[in-house]
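Data first, discussion second: the structure below is written as structure tokens.
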Amino acid sequence: MVTYLDSTYQEALSLTKEARDYLADRTRNRHPWLKPEDRLQICCESMRLTTRLTQVMAWLLVQRAVLDGEISMDDARNPDNRISGRNVCEPPDELPDGADPRMADLMGRSHQLYMRVTRLDSQLDRVDRAKKKAP
């Protein structure tokens, strides 16, 4: 599990840096060929991308804190430390025609990563239920 979390953390960190660099560059190039409503949609999807990655990184940092003995697993199960934002993070991405393919790639990869971490987060509930059933 430790290796898996480490590799997921590295993947999330790399994707976060890539998204940061892309969004910083895109701020200078705001898709001038798109209609204003399409640019607004891209801005909304940029926020969705940022939200996904923030949620994933926060969750992974909590899990690392558990592994390092800095917090307990009970603390990690606290709703404040669980992955959230599903209503924003789970909807499929809908970028307008003519949007930068790199943005579509970042959106797709961030969605896959978010869903994977959401499944890992749900495992905390299963472990908790199994503990409660054990004599």
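Computed from the coordinates by the stated procedures, all read-outs in this text should not be read as laboratory data. Keep in mind it's a predicted model, so treat the numbers as computed, not measured. Note: ideal-geometry Cβ built from the backbone for every residue, glycine included; neighbour counts use all protein chains shown.
The label point for L5 and the one for D105, both projected 7 Å from the Cα toward the Cβ, are 3.1 nm apart. For the chain, the residue among A58, C44, T16 whose Cα projects farthest onto the positive side of the dipole built from Cβ charges is A58. Rounded to the nearest 10 degrees, the inclination of helix 101-133 to the longest alpha-carbon principal axis of the chain is 20 degrees. Under a model in which nothing but the beta-carbon of Lys, Arg (+1) and Asp, Glu (-1) is charged, the chain shows a dipole of about 300 debye around its Cα centre. Quick one: helix 36-67 against the long Cα principal axis of the chain, what's the angle to the nearest 10°, folded into 0 to 90? So the helix axis and the longest Cα principal axis differ by about 20 degrees.
Across the chain, C-alpha contacts under 8 Å between residues 6 or more apart give a mean separation that, scaled by the residue count, equals a relative contact order of 30 percent. In this simple spin-label model, placing a label point 7 Å from the Cα along the Cα-to-Cβ direction at both R119 and I71 gives a separation of 2.4 nm. Calculated from the structure at hand, mean projected area of the Cα convex hull in nm² is found among (1) 9.2; (2) 9.9; (3) 7.8 as (1).
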